[in-house]
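We did not get these values from a lab; they are worked out from the coordinates using the rules stated. Keep in mind that what you see is a predicted model, and the values were worked out from it rather than measured. Cβ: placed from backbone, ideal geometry, glycine included. Neighbour counts: every protein chain shown.
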Amino acid sequence: MTVDLAITGGRIVDQGQSREGDLLIADGVIAGVGAPGSAPSDTGEIIDAAGHLVIPGMIDVHVHTREPGWTHKEDITTCSQAAAAGGVTTIFGMPNLRPPTTTVETLREVLDLYAAKSVVDYNHNPAASNPDQIAGMAELGIAAYKIYMVVDTGREYPHPAGTGMHDHGHLLEMFETIAPTGLPFMVHPHDQGIMDLIEQRYWAAGDRSPEAYAKTLAAYDGVIWDTAIGVLLRIAEATECPLHIVHAQTSRSIEMIRQAKERGLRVSAEANHWTLFLGSWDDVTTLGPYALSYWVPDHHKEATWEALVDGTIDMANSDHAPHTREEKEVGWTDMWAAHTGTPGIQYQLPLLVDAVGKGQMSIERMVEVTSNAPARIFGLGQKGSFVPGVDADVTVIDPDLEWTITDEDVLSRIGWTPYAGRTIRGKVIRTLIRGRDVYRDGTVVGAPGFGKQARPTTRPENGV
Ligand code: NCD
Ligand code: ZN
């Protein structure tokens, strides 16, 4: 076997192990991991990674690319460039697009757009709202379905008609229909009835501020999240459909997920960057609409970190949600009119490396939650590890480099990040997909159209 590329002398982290060594790559796949100095003398190219971390590229299964339909915010190329710069090698896009991805036909169109425009490997999570579209969607090689239990009040985005479902009967029917595909059903948990009641009280008092919005979402210590997750777990159990819970962030719902896993339910959960790194009350009062997404008090964030470390929460995803400054600015006076969500695909991995440096989790666990687990849970046996034969998707990180995040560095079309001004330790130096550079020394070098669809190749091991 001829080794085309060796990444030498770095600390290689994968599947709970970490050691100094050489990562060997041939024909775009992992050829092996050897001791330092083991790269054959006729190796085509050597990347010296001494002092650096060498990890499987991040797999981010929750990404809002905004294309088609909302390309004034972002498109597949700008989103995937930001991904490459952030050490993310595979993205799964979300269906809240124009048109929303609710049919086999719209799914086919979106997949064609990625094929033409994505720098990184990809898949797409269509909305499961039409039972007769489910089987045909699976045939196009998707890895999961998505639905929101949210209906927006006071704005047309980011939860447009066709992507939301909060009637429990409809939900149960969708779980029943998805179960035979074996694919996980990703659900955004939300209790719309309770949200409606609480928000109307703030509105009646004339308060539409970011603080009121945050407190609505945190009402009764997280009841909007907890009731929804209780319902989802029970329906998943009834239908034996694998469930993936997005936006895990409250202590009681984490406890429910923990117990469900102990009972053998096929359930997985994710934590998002804004819960982990942007969730203080200070962030809400100083950044206002730019920090919201969602908010829960600090003790829930502690529970989220603990669950991410102990395995109750399986993975970290960005929920990268770019919106323009104009769409955010209205939120200072009416947060219900602002588009909610925060961008983060470019910075989540460096922020996690910084958290590792501060002792919040081990580097081995970080690799599990950013790469090993999403590959296993969504059936991407060809990705997310350094097992020989797996795609050589590799991120090289300097864990000691201290740097300050700025708006100027943002590759997302929107040109801002809520993390501007933060100084962190840990920077992505190089990102490779299938053995080829896509990001190197501060520049995206991968071309639009290089990315390929990451279809499931193994049985999804959600909760198994
Ligand atoms: C997301 C978006 O902007 O598309 N927004 C958000 O508040 N995180 C949608 C979503 O994931 O709810
Ligand atoms: Zn969501």
| note | Percent antiparallel among DSSP beta bridges confined to the chain, nearest 5, equals 50 percent
| Distance from the Cα centre of segment 406-434 to that of segment 1-38, in angstrom? | 27 Å
| said: Show log10 I(q)/I(0) for the chain at q = 0.08, 0.09, 0.14 Å⁻¹, two decimals, from a solvent-free Debye sum over equal Cα scatterers. | reply: -0.42, -0.53, -1.37
| remark: With Rh as the Kirkwood radius over Cα pairs, segment 1-58 has Rg/Rh of 0.94
| How many nm separate the modelled label positions at Thr285 and Asp221, each set 7 Å beyond the Cα in the direction of the Cβ? | 2.3 nm
| request: Could you pull out every whole DSSP H run in the chain that spans at least 24 Å of Cα extent along its own axis and averages -1.0 or higher on the Kyte-Doolittle scale? | output: 219-239
| task | Quickly estimate the mean residue ellipticity at 222 nm for the chain, helices only: each DSSP H run with n ≥ 4 gives -39500 (n - 2.57), and the total goes over all residues, rounded to 500. | result | -9000 deg cm²/dmol
| field | Under-5 Å amide H pairs with Val150, H placed in peptide plane, nonlocal only | value | Met165
| query | Which net charge results for the neighbourhood of Ile257, defined as the other residues with beta-carbon distances under 13 angstrom from its beta-carbon, given Lys and Arg at +1 and Asp and Glu at -1? | reply | -2
| Within the P(r) computed for segment 279-426, what percentage of the Cα pairs occupies the region above 17 Å? | 68 percent
| query | So what's the gap between the Cα centers of segment 229-289 and segment 55-98, to the nearest angstrom? | reply | 22 Å
| note | For the pair Glu364 and Asp167, the simple spin-label estimate (label points 7 Å beyond Cα toward Cβ) gives in nm 5.0 nm
| query | Taking 0.36 nm per intervening residue step and subtracting the Cα-Cα distance, what contour gain separates Arg459 from Ala135 on full extension? | reply | 115.0 nm
| query | Can you put Arg208, Arg234 in order, fewest other beta carbons within 10 Å first? | reply | Arg234, Arg208
